[in-house]
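Have a look at the structure that comes next, please.
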Amino acid sequence: MSDIIQVVTTVDDREAAGRLGRHLVDEKLVACCQVVGPIRSIYRWKGNVEEADEWYCVMKTRPSLYRQVEEAIRRLHPYEVPEIVATPVSAALPDYARWVKTETS
């Protein structure tokens, strides 16, 4: 077990994704935020099937910081109900896992 997690969210604007990632890195809540996109999302929202271009934000952090990361994303996120999903990293290069721990507080 690497003792790090990967947190993902999606946003509807590239600049918003950059601001979110920059804030979380600046606050040492995540070691990095990779922004990928645009991606095409198809989802059901309030009874309708919707489609939208989104940017996928992939962040690495410590499990102990998840709640703070979640709170920061919710505060900065433009969506009423944002996707915020954390996945344990079962294995990682030890030097990378140490870097994630060093860069987060």
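Where a number appears in this text, it was derived from the coordinates with a stated rule and is not lab data. Note that this is a predicted model, so its numbers are computed, not measured.
As a check on your grasp of the helix formula, calculate [θ] at 222 nm for the chain: sum -39500 (n - 2.57) over DSSP H runs of n ≥ 4, divide by the residue count, round to the nearest 500.
-10000 deg cm²/dmol
Now, a different point. Based solely on C-alpha atoms, express the radius of gyration and the Dmax of the chain in angstrom.
14.2, 46
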